[in-house]
Structures are given as C-alpha cells and as structure tokens.
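Colleague: Below is a structure I'd like to ask you about.
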C-alpha cells in the first residue's frame, strides 16, 4: 500500500430518481421525474488514532453504522469527518407535519397564557423546526442508504488519491532529511579521533598539574582510557546510522508506517542528545561535533513534523 498523508478532502454527488406518478399529465412541470440529490463529503486531518465524526440527516442511523464499519476497514488513523447533505428539487411537494407543528403551537399558546403575553406564533420560526415539513415524495431510509453506499467507494478513492499524492511529497522530503543526517554522522566520525586525543591530553595535563612529578604515568593512561571510553561517541553514531537505515527501509515498504517512523525519530533524537552531552565543554574539533549534533537534531525535528501527518 502506498504511503499516505492523513490530510485530504473528497466529495461525490449522486441522485435518487423516482418515476412519474401514474396517470399524471407528462406535459405538466409538476409531473416531471422527482429526484433527490445528495452530496457526500469526506475530510481527514492528522490524529493519533482513527477518529470518525458523522454529520448525517436524521433518520439515517443504519447508514452511519455501515459507513463507520467500512471506514474502519479502509483507513488506519486520522480525524475523519463524513458529511451528507440532501438536496431536493423545486418540483418536490412538501407536506405539513401537523403533529409537530400543532404541538409547538399548543405549547406556545400555553406559555403565553401562563405569563399573560399577548403574542402569536411566528410561522417562519415554526416551519424551521426540524421535521415540521416533510417532502411528499421523500425517499425512504433504505433508498438513501443504498444510493450513498454505492458512492462511498468513489469518495474513498478520491480521498486516497489526494492523501497518496501528499504522502509521496512527504516521503521525498523525509529521504532528503535522512541524507542530511547521514552526512552529519560522517562529519562526526571525521572529528571523533581528534576529540579522543584531546580527552587524553587534557586528563594527563590536569593530573600532572595536581600531583606533580610523583604520578604514575601508567595509572594516568589507565584513567585516561576509562574516561575516553565513557566519553566515546562511536556507539551513538552506529545506533543513529542503524535507525536511519531502518527508517529508509520503512519508507520503501510503504503502508501505514507513521507510528513506526515517529518512534524511530524519537530514538534518533535520544542518540543525538547523548552525543551532544558527551562532547559538551570541549573546544577545538569537539565544537565541530557539537555543530553536527545540533544539525542532526534540527533534521530530526523537521522530520517529526512531517511524520505526524503520515497514516
């Protein structure tokens, strides 16, 4: 599976056609084929897990369950908003829902009488109540459900096309960042031997200064070897190179790799921090290692910003 970003948007449209009313005058505009158009939108952004949110018309609970099941199968993670809007044609007739409207008006009048208010219900406000108007030719839930489910695959394909295109761009940038990390590691290697020599010389000079001529040179060399061993950054360099190769291997494999890449970058950042701590306070060649270590951390941080958007 290709590498995908978690950011994308797609929208598809469809229609539910209804046949002419039997015996109607086909020359009359009111007898033309009724239709119910709909727009299905998918919008996704980055998230640690798969977080689905639905904005669907009332009475479509079964449709939401089907969409939720399908999206869990097709998507790994991300904050995904699913919106469905119905668009009725002007030829559709509307019927008054007397039960809802009557109940509202009765409650309005009861409240007005209780508080001695001289007012009448606003018809515009009444008709805006959800369910106050029903389409006389409204399609059943099953008909809407079938039409939407027939279009969801197309919407997912469009969404994934956008996510894959952005994913390819992120992968290219991540490969460039890893190449910069490798170059910084090579720079550290070049200056490593000089730093080790610097450690040994500084320790010997300091001990001679403190103890005078009575010091045991062999002992000094042993102590220097121990200090140099603890201060050696070879282990961090090797681990960093290993993490980079693993990172590049995951990019080649593709699929849902965002969490794995983020974990590797955390490990790389830990190695860079250790490298910097071992070379802090040294001058000369060590300053160049510090510069390379800071460059490593900058590349790792920029990589993490990009990886946060990968599925």
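Colleague: Looking only at residues that are in contact with a helix residue (DSSP H, G or I) (Cβ under 9 Å, 6 or more places away or on another chain) and modelled with pLDDT under 80 in region 91-119, which one is farthest from residue 41 (Cα to Cα)?
Modeller: 96
Colleague: Would you please name the residue that is modelled with the lowest pLDDT, looking only at residues in region 49-90 that are surrounded by 13 or more Cβ atoms within 10 Å (Cβ to Cβ) and in a loop (DSSP other than H, G, I, E, B)?
Modeller: Result: 89.
Colleague: Quick one: which helices (runs of 4 or more DSSP H) sit completely within region 209-311 and have at least 2 residues that are in contact with a helix residue (DSSP H, G or I) (Cβ under 7 Å, 6 or more places away or on another chain) and at pLDDT 90 or above?
Modeller: 234-253, 258-278, 285-307
Colleague: Which of the residues spanning region 168-199 are buried (at least 16 other Cβ atoms within 10 Å of the Cβ), farther than 17 Å from residue 291 by Cβ and either at pLDDT below 75 or not assigned by TED's automatic domain parsing to the domain that holds residue 269 (or both)?
Modeller: Result: 196, 199.
The values are calculated or read from the model by the stated rules, or taken from the named source; none is laboratory data. These figures come from a predicted structure and were not determined experimentally. Don't worry about glycine lacking a Cβ; one is built from the backbone with ideal geometry, like all the others, and counts go over all protein chains shown.
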